[in-house]
Protein chains: 2
Amino acid sequence: MSESLLNHIQRKTILNQEEQGKLLSKIESRTLKKKEHLLKEGDVCNFFCFIEKGCGRIYLINEKGNEQTLQFGIEDWWIVDYMSYSTENPSHFYIQAIENSDVLILHKNDLEQLLKEIPKLERYFRIVLQKSFAASQMRIKFLFTMSAEERYHHFNNSFPEFVQRVPQYMLASYLDFSAEFMSKIRAGKI
Amino acid sequence: MSESLLNHIQRKTILNQEEQGKLLSKIESRTLKKKEHLLKEGDVCNFFCFIEKGCGRIYLINEKGNEQTLQFGIEDWWIVDYMSYSTENPSHFYIQAIENSDVLILHKNDLEQLLKEIPKLERYFRIVLQKSFAASQMRIKFLFTMSAEERYHHFNNSFPEFVQRVPQYMLASYLDFSAEFMSKIRAGKI
């Protein structure tokens, strides 16, 4: 338990036994059933969530009542509404398990304290966030420059296993096109 | 010189005199003329750029030959192609001054060394990146849920002074609509 998080951290910085113990003492392990929510619109996101096993997503419900997926997360990914976490304002988003999942939760009070006590965690999260932001810059490039069809093929080629794990309607909304368009692409009609 | 960066850092973490000196010794001050580039597509982005005075942007040139602005930066913002910085692969983007600007450059070798020698800088950049990524999550929400007109009014209401500083065609591409649509909105025809 929590091995995967420790391994993920050790790839970026070295925590000693005492630091590992301190971190683990603050971690809450949770098992989520498929479709279970960790956060709903209107809640404050006062935690960081690390996916040990399984798959999750951040989505919103638009004014037409449709779900739109902003971000997926699989093993070794953090999934957080950073704006709500920082400002402590209610979230605009939902965080939901897509598969039965094992996750680790770090609550804000504990995490902020840990960051002060274990400065090496600052390095770890700086690198995690730098990678996330890099991916987000590329994502905006893809949204701006690729057609829906190109976005689908690019995503499919880049993350073939992942595409098998998530429902197609979620992937369609992540790539910002309709489920109907997705069906046509997959049927080879486009 | 560099006062604005030190002030920006001191709002998030406290550097002592020696640490400030170490940091300042690695900083390169540059003056950029309006429209001057700091990075072009195909270059490796091997630096972080902090805007002391002025305004800049990251943009790409799409296959139709049109510029599309991904991100703006004004005073106290860092402007970096994080993917190219991390992977050392050629950038897909351009970084350009929109006004005559004073910027501070931290080269990758120096920055990575500084992060090891001054762990408090990890905290500073972790917070900078957390804010940037939070803004990017909200931006994707706006792109997904707002009409072009709503995006314009939202941006205009949120950053009224900023809207005065940047050419309208850049703002139009940032908000992902055409310059023609922007003219109509501003003329009150929409």
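Projecting label points 7 angstrom from Cα along Cα→Cβ for B:LYS53 and A:GLU36 puts them 5.7 nm apart. The heavy atoms of B:MET138 offer some 20 square angstrom of accessible surface to a 1.4 angstrom probe.
The local environment of B:GLU19, defined by Cβ-Cβ distances under 10 Å, has a net charge of 0 under the rule Lys, Arg +1 and Asp, Glu -1.
Straight Cα distances below 30 angstrom link A:LYS184 to the lysines A:LYS34, A:LYS35, A:LYS64, A:LYS141, B:LYS64, B:LYS141, with same-chain residues fewer than 8 positions distant left out. With a ≥ b ≥ c taken as the square roots of the eigenvalues of the C-alpha gyration tensor of the protein assembly as shown, please select rounded if a/c is under 1.5 and otherwise prolate if a/b is larger than b/c or oblate if it is not? Judged from the Cα gyration tensor, the protein assembly as shown comes out oblate (a/c at least 1.5, b/c at or above a/b).
Working out 0.36 nm times the residue gap between A:GLU3 and A:ASN89, then minus their Cα-Cα distance, what length gain in nm do you get to one decimal?
Values: separation 86, 0.36 × 86 = 30.96 nm, distance 3.23 nm.
Between A:GLU3 and A:ASN89, full extension yields 27.7 nm more.
Seen from B:ILE74, the other residues with C-beta closer than 11 Å to its C-beta sum to a net charge of -2, counting Lys and Arg as +1 and Asp and Glu as -1. The lysines whose alpha-carbon is closer than 18 Å to the alpha-carbon of A:LYS33, local same-chain residues fewer than 8 away aside, are A:LYS53.
Ligands, DNA and RNA are left out, and with a 1.4 angstrom probe the accessible area of the range A:95-190 is 44 Å² per residue. Applied to the range B:173-179, the Karplus parametrisation 6.51 cos²θ - 1.76 cosθ + 1.60 on θ = phi - 60° returns per-residue 3J(HN,Hα) values of 5, 4, 8, 6, 9, 7, 4 Hz, with x for Gly and Pro.
Mind putting a number on the dipole of the protein assembly as shown about its Cα centre? Charges go on the C-beta only, +1 for Lys and Arg and -1 for Asp and Glu, and I need it in Debye to the nearest 20.
On the way: 50 positive and 50 negative charges, 89 e Å.
Computed about the Cα centre, the dipole is about 420 debye.
Peptides B:36-49, A:94-107, A:175-188 ordered by packing proxy, namely the average of other Cβ atoms within 10 Å per residue, highest first: A:94-107, B:36-49, A:175-188.
Restricting the GluC sites (Glu not before Pro) of the range B:58-93 to loop positions (DSSP other than H, G, I, E, B) with no more than 16 neighbouring Cβ atoms within 10 Å leaves B:GLU63, B:GLU75, B:GLU88. Work out the FRET efficiency for A:GLU18 and A:ASN66 from their Cβ-Cβ distance, taking R0 = 35 Å, and round it to the nearest 0.05. Calculated transfer efficiency: 0.10.
Given a Förster distance of 35 Å, report the FRET efficiency between B:GLN164 and A:PHE162 from their Cβ-Cβ distance, rounded to the nearest 0.05.
On the way: r = 43 Å, r/R0 = 1.24.
Here the calculated transfer efficiency is 0.20.
Computed from label points 7 Å out along Cα-Cβ, the spacing between B:ASP76 and B:GLN10 is 1.4 nm.
The values are calculated or read from the model by the stated rules, or taken from the named source; none is laboratory data. Keep in mind that what you see is a predicted model, and the values were worked out from it rather than measured. Note that we place each Cβ from the backbone using ideal geometry, even for glycine, and neighbour counts take in every protein chain shown. Quick note on the areas: whole protein, heavy atoms, side chains included, nothing else; ligands and nucleic acids left out. Shrake-Rupley method; radii C 1.70, N 1.55, O 1.52, S 1.80 Å.
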